[in-house]
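Taking it in order: structure first as structure tokens, then the write-up.
The values are calculated or read from the model by the stated rules, or taken from the named source; none is laboratory data. Note that the structure is predicted; figures quoted are calculated from it, not measured. Cβ sites come from the backbone with ideal geometry, for glycine too, and all protein chains shown count toward neighbours.
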Amino acid sequence: MMFVHFAVRNIRAYRNRSLVTILLLALTTTMLVFATAFMDGSHAKMLSNAVEIYPGYIQITHRDFRDKPSLDNLIFDTGSVRRVVATTPGIAAFAPRFESFVLFAGDAKAVGGMLTGIEPAAEKKLSRLAASLTRGAYLEEGDGNRLYLGYELARRLKVEVGERLSFVGTGVDSSFAADTLVVKGIFNTGLFDFDATAAFVDKGYFDRIMMAENHATHFIVLPADPREADPVAADLNSRLGPDYLAESWRTTMEGLVQAMLVDSIFGYLTLAVIFIVIFFVVLIYTWLTVFARMREIGVLRAVGTRPGQILRMLVAESMLLALGSVVLGGIIGGVLAWYFHHHPICFSFSEEQFKQYGLAASSMPTAFAPLVILRDMAVMFVLAVGSTLYPIVKANRVRPIEAIHHV
């Protein structure tokens, strides 16, 4: 307790140096907390966008469909899959889809794309297709040959809402399927490749044209808690039998998950380099402040204060300054993380660049995670105290007579 008392007295005695130290460490802690929150928040936004716009949290397919996506590996009995999914706990919504690549033809040109039969009402809960509407109207049950297509595909085909186009594709029985479609709505998800190829019709109509009654390429399943996608998928696999496979978004979008992991690693490596530099800045500053007090240390040694006592006093002083700094910086960084979590940072001037990374919007929220903030504060505390140890030990080894005459 005595060393804490002396440490507090010294902090007050050298107010300017203490204030500079506190500001330096508090600013560094704020930067670390906010940088971590921004990186984690942006990654979460990218993943949620990529998953929720269309692919979904869980997909059920024929076991061989991903390796061999052909008409031989479809879900041939959607009724049986519906019954299994409907009786599985922890599921908020589900629906089948049937995807088929076709050739679209407008008055001006023909373009290949993906025509998908969906259940419009269920799809509102499973994806952001309805929310991405820009012109016209979203699909409804019984819409027949009404088409809902991506804005880039509409631009390439040179069609607008209310206009007609044709398509030619292959039915489930390998026969030709063709019809004339009327554009009901145009959507813009912000995913360029998706908006350039995707078009949707009511599955009832799709099934009649494509001879796909009771068939699907896959089911989309929305867990009641999206964080439980993996356990729900495992539960579904235990119920579906050997012919079908349920996979969470971590598997179906493995490439994006790995990309986010690599980006996180490089992000933390960048932070590590920055804070190594900061470590040496603090070390040099501490070296200067400790050696500026060399005469004081020499006097203490001359009057009989043991080196261990001086060491404990200076370390206590360092720990108090570090504790105050990281608490202040953690509070400021935490408040910023909380604010921008609820009011995302908008990058409207870089919207085109964001689309290249799969973002439907150019706003980025931060992640407000108290435990992560506490972790970052602990890292900064260890960094701050560790950077002061070498100068303190070095100064404490100087002989008293040399310390007293130190200039």
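Brief remarks on what is shown
- Search result, residues across region 128-155 that are of a type in the set (D, E, K, R) and over 32 Å from the mean Cα position of the chain (by Cα): GLU140, GLU141, ASP143, ARG146
- For region 105-127, the candidate set comprises residues that are hydrophobic (A, V, I, L, M, F, W, C) and over 16 Å from ARG164 (Cα atoms); within that set, the residue that is nearest to the chain's Cα centre (by Cα) is LEU126.
- Meeting the requirement of 2 or more residues that are of a type in the set (S, T, N, Q), the helices (runs of 4 or more DSSP H) wholly within region 196-267 are 229-240, 249-252.
- Candidates VAL303, VAL290 - the one that is farther than 30 Å from VAL33 by Cα and either among the hydrophobic types (A, V, I, L, M, F, W, C) or at pLDDT 65 or above (or both): VAL303
- Residues in region 51-108 that are under 16 Å from TYR244 (Cβ atoms), surrounded by fewer than 20 Cβ atoms within 10 Å (Cβ to Cβ) and aliphatic (A, V, I, L, M): LEU74, VAL84, ALA86, ILE91.
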